[in-house]
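Novice: Handing you this structure, nothing more for now.
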Amino acid sequence: MLHFSQFTCGRPSINASQTDLVVTEKKLFLQAGFKLLPWLLKLWPGLFFLLTAIWLTWPMSTTLFTAIPIGLEGEATVPLFNLWTIWWNIDRLGHGFAEYWHAPIFSPARLTFALSEPQPTTMLLAPVYVVTDSMILCYNLAVLILLAMCGHASWSLLRLVHVSPPMAVLGGLLIQRLPFLFWQMGVLQLLALAGPIWTIYWILKCCRGPGWRTSLGLGLSFGLTYWSCNYFGLLLSLSIGISGLLLITAGWFLLPEWRRWKVWASLIAAAILAACLIGPIARVQQEAAREEKWQAERPLELVQNLSARWSDYTWSLTARLGDYPTAIEPARQNIWRMGCGAVVTILGAWGLVVGLYRQDRRLLTCAVLTFSVVSLLLSFGPEYEVFGWSPSLWLRDHYPGFSHLRSPFRFGVFVQLGWHLLAIQGAEAFSLDRWRWFRKFVERGPDHEIGWRQLSLQALLTSPAILVLGLAVYEVWPAAQVCHPVPQVHPTPQWIDDLRQKTEPHEVLACLPFANGSDASAYESTTLWMYWQARHHRPMVNGYSGFFPDAYLELRDAMETFPSDESMRLLTLAGVRYLVIDTSVCPVNEWKEMALFRDQTEICFEDPQAGIAVYRYTPRL
C-alpha cells in the first residue's frame, strides 16, 4: 500500500511537535494580549481626551511650531511670558537647578523668578525641547496635555461616583470645555484644572477607604496643584477648607464615615505631604516678598475691579463663547460672562433636586453645593459682606498669601466646576434605565444574559441622557482659537549670534523700547525681548512678572524720557553694559544728535534685516 506522504506533491509534512509549537505560540500571544488589555483599557480615556483637546483648540494643532494660542487675551504678553517661563524651567533643569530663583530679568534684582508663577511641572517637557529645540512646540503641547488631563481627571471622578461609562465620557468632555478655561486660554497655568479635580477625587477615596495609598494620592494631588498653578492651590485650599468646616459644623462629624480615626489620620498625613511639597516654593516666595518690600496687600480698588459680580454669572447665558469680551478690563466697565450656559444652569438645578432626593447621592450633593456656593461668594471679593463683615477683607489680614491675591474672580472656575458636576447628575436622571419600571424591564431580558440585544436596549434607554448632555456640551462650544505667530529662531538672527560671540555671559543688557505703561499690553515688547533671551542667555534689566521690583519701576518711569540724566544714572546703577535697540520703533537718529547719548555710547554691531542695533554703554564718571 502507498503511504499518504507519497501524495504530498513535494510539500514538507508537518509533524506533531511543530503543530504543538505553533499552538503554543498562539496561546502565548493571546495571553500577552489579554495581559495588555487592562492597560489599553486604562489608556483609552487619556487618548480620547487628547483628541478632544486637539478638536477644542483647533486650529492650534496646525501651527504647533509657529504660533501659540492667546485665547481671548487682547495681547500676547502673558502667553509669551509663560513661553519664557517654560524655557527657564527646562534650562535650569539642565544646570542642576543652579540659580533657579534668580532668573536673569530685572537685573541686578534677586529672587526674580519667585515674583510670578514658577510652574516647575513644565520641566517634564524637557525631552521635547532637547529633541526639537522649539519652545513654541513645548508651549502648545502643554496646552493640549493640561486640557487632556482635565478631561481624564473628570472622567475618573465621575466613574468613582458610579456614573455610567458613556455619561462619564461626555461629562469629562463637558468639564474639559469649561467656559472659564477657554475664556482664560491665554493664561497657561489656569488650564491646570486637573490638579483640583484629582484632589477632590482623592478626598472621596480617603473618606471611603482610608490608607497610605489614598493619603499619598491626596497629598501629591494638592501639592502638584500648587506646583502647576499657585493661584489654584491658594483658592482650592480656601474653597475646600471653608466648605469642610461648614459641613462639619452642620453635623457631618456625627456620621459614621467621619467618626473613624483612619479617615482623619489619612487626611492629616496627606496634609503633611502636601505641606512638604508646597513649603519650599512658598518659603522662597515669602522671602522674595520681604526682600522686595512688596506692599502688604494688593490695592483694594484693584481687587474690587477684578472681583466677580452676580450679573457675570447670569448675563446672557446662551451666548456662545466667541461673543465673550476680548479682555479683562482693569476699569471693570464690562460684564464678564462667567455663566455656565442655559442648559447647564437648568440641568444643575435639576441635578441638585435629584441629588437631594437620592439617598445614595445626598451627602455628595450637599458637599458639591457647599463647595460651589463658597467659591461663588469668595469670587465676589470685598464686595460680599455678611452684616457689614467682609470675609475677603478678613482673609486678607489673616490668611497667608491672600493679601497678594489680585483676581478673586478666578474662584469662578470652581463655581463652574461644581455646577457642571450637578448638571451631569441632572442629565443622568434622564437615563431611562434608572427608572424603576424600565430597570425591571431590562433585568427581565432573555436568560438574564448581557448580549447584544440587552446592550442595544441599554443604549436606547441611555440615549435621552446622552442627548441632553451632548446639547450642554454643544451650547458653549469654544470658538476657533486665535493663535499669535512667534518669531522663528532658526536660522538664528545675526544680532543674537553677535551677542553670544562678542559679549560676556555676565554683561547686562537694556532692551529698548522699554514698557511705556503699567497694563499688560505695554509689556508685549518686553516679553518678546525675554523670548529672545532664551537664545542669547544674557541678563537684562527689562522683565515682566506678577510683581515688579521697586528699582525696576523707578527705571521704567525714567526711561520714558530716555536719553536723560536720570535714565542714564539708573542704567549705570543697574550695571547695564549694552543697549539693544529696535531701530524700527526707537528714534535712534534723533538720539545720535544728543550729546548725552552720543558721548556715552558707541555702535558695536547692527542687524539691518532684523532692525536691531547694539550699542556699548560706557557711562561718564
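Where a number appears in this text, it was derived from the coordinates with a stated rule and is not lab data. The structure displayed is predicted, hence computed values, not measured ones. All Cβ positions, glycine included, derive from the backbone under ideal geometry; neighbour counts span all protein chains shown.
Novice: Which net charge results for the neighbourhood of LEU80, defined as the other residues with beta-carbon distances under 12 angstrom from its beta-carbon, given Lys and Arg at +1 and Asp and Glu at -1?
Specialist: Summing Lys/Arg as +1 and Asp/Glu as -1 gives -3.
Novice: Follow-up. Could you rank the peptides 511-520, 389-398 by their average count of other C-beta atoms within 10 Å per residue, with the highest value first?
Specialist: Numbers: 511-520: 17.6, 389-398: 15.1.
For the peptides 511-520, 389-398, the packing ranking is 511-520, 389-398.
Novice: What are the semi-axes of the equivalent ellipsoid of the range 488-617, taken as the square roots of 5 times the eigenvalues of the Cα gyration tensor, listed largest first and rounded to whole Å? Before the final figure, lay out the partial values.
Specialist: Details: eigenvalues 85, 70, 40 Å².
Three semi-axes, in Å: 21, 19, 14.
Novice: Moving to a separate point now. Take the alpha-carbon positions of the range 375-421, form their convex hull, and give its projected area averaged over all directions (one quarter of the hull surface) in nm². Don't skip to the end; give the middle numbers.
Specialist: Values: hull surface 14.1 nm².
Averaging across all directions leaves 3.5 nm² for the Cα convex hull.
Novice: Give me the net charge of GLY517's neighbourhood, meaning all other residues with Cβ under 13 Å from the Cβ of GLY517; Lys, Arg count +1, Asp, Glu -1. List each step's numbers first, then the result.
Specialist: Working: positive: ARG556; negative: GLU75, ASP519, GLU524, ASP557, GLU560.
Residues close to GLY517 contribute a combined charge of -4.
Novice: Another question, if that's okay. What are the ³J(HN,Hα) couplings of the range 70-76, residue after residue, when phi is run through the Karplus curve with 6.51, -1.76, 1.60 and θ = phi - 60°? Round to Hz, x for glycine and proline.
Specialist: 10, x, 9, 5, x, 8, 9
Novice: Which residues' amide hydrogens lie under 5 Å from the amide hydrogen of TYR617, considering only partners 5 or more residues apart or on another chain, with H built in the peptide plane?
Specialist: Residues meeting the amide H criterion: TYR578, LEU579.
Novice: Quickly rank 270-279, 406-415, 215-224 as a protection proxy: mean count of other C-beta atoms within 10 Å, highest first. Before the final figure, lay out each step's value.
Specialist: Working: 270-279: 16.6, 406-415: 23.7, 215-224: 22.2.
Output ranking for 270-279, 406-415, 215-224: 406-415, 215-224, 270-279.
Novice: Now, a different point. Please get the size of the charge dipole for the range 488-617, origin at its Cα centre, with Cβ charges of +1 on Lys and Arg and -1 on Asp and Glu, quoted in debye to the nearest 20. It would help to have the intermediate numbers written out before the result.
Specialist: Numbers: 10 positive and 19 negative charges, 85 e Å.
Dipole size: approximately 400 debye.
Novice: Spelling out what I want: for every residue of the range 153-160, take phi, set θ = phi - 60°, compute 6.51 cos²θ - 1.76 cosθ + 1.60 (Karplus), and round to whole Hz; glycine and proline get x.
Specialist: Karplus-based 3J(HN,Hα) across the range 153-160 equals 5, 5, 4, 5, 5, 5, 5, 5 Hz.
Novice: Let me ask something additional. Can you list the HN-Hα couplings for the range 387-395, worked out from phi with the Karplus curve (6.51, -1.76, 1.60; θ = phi - 60°), rounded to whole Hz and with x for Gly and Pro?
Specialist: Taking θ as phi minus 60°, the curve returns 6, x, 9, 9, x, 5, 5, 5, 5 Hz for the range 387-395.
Novice: Lys and Arg at +1, Asp and Glu at -1: add these up for the other residues within a Cβ distance under 14 Å of ASP582 and post the number. Intermediate results must be reported in sequence, preceding the final value.
Specialist: Details: positive: none; negative: GLU524, GLU606, ASP607.
Neighbourhood net charge equals -3.
Novice: Sequence-distant or interchain residues sharing an amide H contact under 5 Å with ALA479, placed H: which?
Specialist: Under 5 Å from the amide H of ALA479 lie the amide H atoms of LEU321, GLY322, each far enough along the sequence or on another chain.
Novice: Here is a follow-up. If amide H atoms are built 1.01 Å from N in the plane of the peptide, which residues on other chains or at least 5 residues away come under 5 Å of the amide H of ALA67?
Specialist: Result for ALA67 returns VAL486.
Novice: Please give the peptides 283-291, 473-481 ranked by average Cβ packing (other Cβ atoms within 10 Å per residue), highest first, as a rough proxy for protection.
Specialist: Values: 283-291: 15.2, 473-481: 17.0.
Going by the mean number of other Cβ atoms within 10 Å, highest first, we get 473-481, 283-291.
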